[in-house]
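> For reference, the structure I am asking about is given below.
Bear in mind these aren't lab numbers, they're just calculated from the coordinates by the rules spelled out. The shown structure was predicted, so the numbers you read here are calculated from the model rather than taken from an experiment. When we count neighbours, we look across all protein chains shown, and the Cβ atoms used for this are built from the backbone with ideal geometry, even at glycine.
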Amino acid sequence: MTEQELIKQAFQAREFSYAPYSGFRVGAALETSDGVVYEGCNIENAGYSPTNCAERTAFFKAVSEGCHNFHKIAIVGGKEKGDVVADYAAPCGVCRQVMMEFCNTKDFQIIVAKSIEDYQVFTLEELLPMGFGPDNLKM
Ligand code: THU
């Protein structure tokens, strides 16, 4: 799947964002190594801390269905409605840590987009240098 196709799916996922408290609506589209795409949106909560980010929603959907191998993720977020957002929505630290659990830091690509034409691509290593992951716990 191309970067642009994945961004398009992230915008579709964003339509389901449940963000009545922040108004910051996020969508993510996570492509597995087999080419399957899991979409996720942020899901807020009146208790605030149970809120789940769009990226983790996508990851947890995939892992809960048995997938542990991922290729790339596209993320779009912002207060505006529609298929253009004001800024790049970089993943939060908790989501980066979840990516660290399942993804190869040098290969996994994180696409942050304002629109289908305007986006940037990073590796997980670039966004989480010297991250702590499963390898650190190997004997
Ligand atoms: N949010 C995400 O969905 N992903 C991120 O990586 C950063 C933040 C959501 C959580 C919350 O619903 C809203 O954006 C404002 O923080």
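> May I ask which of K8/K61; K72/K138; K8/K81 have a Cα-Cα span longer than 22 Å here?
Beyond 22 Å: K72/K138.
> For the chain, state the average projected area of the convex hull of the C-alpha atoms over all orientations, rounded to one decimal in nm².
Average of the hull's projected areas for the chain equals 8.5 nm².
> Between F102, P134, C53, whose Cα lies farthest towards the positive end of the dipole of the chain when Lys and Arg beta carbons carry +1 and Asp and Glu beta carbons carry -1, centred on the Cα centre?
C53
> Under a Cβ-only charge scheme (Lys and Arg +1, Asp and Glu -1), can you give me the dipole magnitude of the chain about the Cα centre, in debye to the nearest 20?
It works out to roughly 340 debye.
> Give the residue list of trypsin sites (Lys or Arg not before Pro) in the range 65-97 that are DSSP loop and have at most 11 other beta-carbon atoms within 10 angstrom.
Within the range 65-97, the qualifying trypsin sites (Lys or Arg not before Pro) (loop, at most 11 other Cβ atoms within 10 Å) are K81.
> Return the calculated 222 nm mean residue ellipticity for the chain, to the nearest 500 deg cm²/dmol, obtained by summing -39500 (n - 2.57) across DSSP H runs with n ≥ 4 and dividing by the residue count.
That calculation yields -7500 deg cm²/dmol at 222 nm.
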